[in-house]
Amino acid sequence: MATIIIHTTQNIELEYDLAGVGERLVAGILDLLIIAGYCIIMNIIFSAGLLGHGNAWIMIPLYLPAVFYSLLSETFMNGQSVGKRVMGIKVISINGNQPHFSQYLIRWLFRFIDLWISGFVLAVIVIAATEKHQRLGDIIAGTTLVKTRPRTTIQQTLYMPVAAISYEAVYPEVINLNDSDIQVLKEVIINVQRGGNIMLAWQTKEKIEDVLHIKSRHDEPLNFLYAVLTDYNHLAAKL
């Protein structure tokens, strides 16, 4: 299984399984079906005269969602389209940051070369040949696709039950973290569960202690990370 190690802005290394050519192709086909379905519906509506006869110009803005489907989906669905979400894959930036709009835009622009002009052939060849499974648009944008589904059992998932009203946060300082920090924390926990990399848990614990100026009250680093996540969810819900 091909993997990639991402160094986050918090100086934490996260390991992801790279999305394969097959998963990317299936996701692309699913998205094409959605786009085709949308276009068919628009054509039916126009042919039925529901938008008025002789107003062909009105079809131009109606087709824009189909043209920009991939760009809009990845921008507003955290690096995913419907097809990618079904296949459990998403776009990430290889520098560890959340992809910027400009990166999504570059990927979208290069789709015309990677996918449409070459009939998917160029994309398949480049993805299979590159170490990080990148198509040309990914290489230029500094992105790749990774799997979002961890190899864990249901008991190992990050479902966090809602704390009781009387619950008191063990580490109230965690409210100073932001959503990006918490997302990294969740991904660290998943990676530790999946690969058993306890050193990653220790590294993350020490980083949180240093940033928040606190000391863990838990013997095991993973328990500390769970406590931080629970405290944050509880405190954020009260804001």
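Read-outs throughout are calculated quantities, based only on the coordinates presented, and are distinct from any laboratory measurement. Quick caveat: nothing in here was measured; it's all calculated off a predicted structure. All Cβ positions, glycine included, derive from the backbone under ideal geometry; neighbour counts span all protein chains shown.
Before moving on, here are some points about what is shown:
- Charge-dipole axis of the chain as Lys and Arg at +1 and Asp and Glu at -1 on Cβ define it, positive-most pick from 44, 193, 236: 44
- When peptides 166-173, 132-139 are sorted by average Cβ neighbour count within 10 Å, with the highest value leading, the order is 132-139, 166-173.
- Overall, the chain carries a charge dipole of about 620 debye about its Cα centre when +1 sits on the Cβ of Lys and Arg and -1 on the Cβ of Asp and Glu, all other atoms neutral.
- The spacing between region 58-83 and region 95-109, judged by their C-alpha centroids, is 15 Å.
- Fewest-first sequence of 112, 224 by Cβ atoms within 10 Å of each Cβ: 112, 224
- Highest-fluctuation residue, 72, 229, 64 considered, GNM on the chain with Cα pairs under 10 Å: 64
- Summed side-chain charge close to residue 128 - residues other than residue 128 whose Cβ falls under 15 Å, Lys, Arg +1, Asp, Glu -1: -1
- Of all the options 107, 24, 85, the one that moves most in a Gaussian network model of the chain with Cα springs shorter than 10 angstrom is 85.
- Membrane-span-like helices in the chain (whole DSSP H runs, Cα extent of at least 18 Å along the helix axis, mean Kyte-Doolittle hydropathy of at least 0.5): 21-47, 221-237.
- Helices in the chain, meaning DSSP H runs of at least 4 residues, each add -39500 (n - 2.57). Divided by all residues, the mean residue ellipticity at 222 nm is -16500 deg cm²/dmol.
- Fewest-first ranking of 108, 116, using other Cβ atoms within 10 Å as the exposure measure: 116, 108
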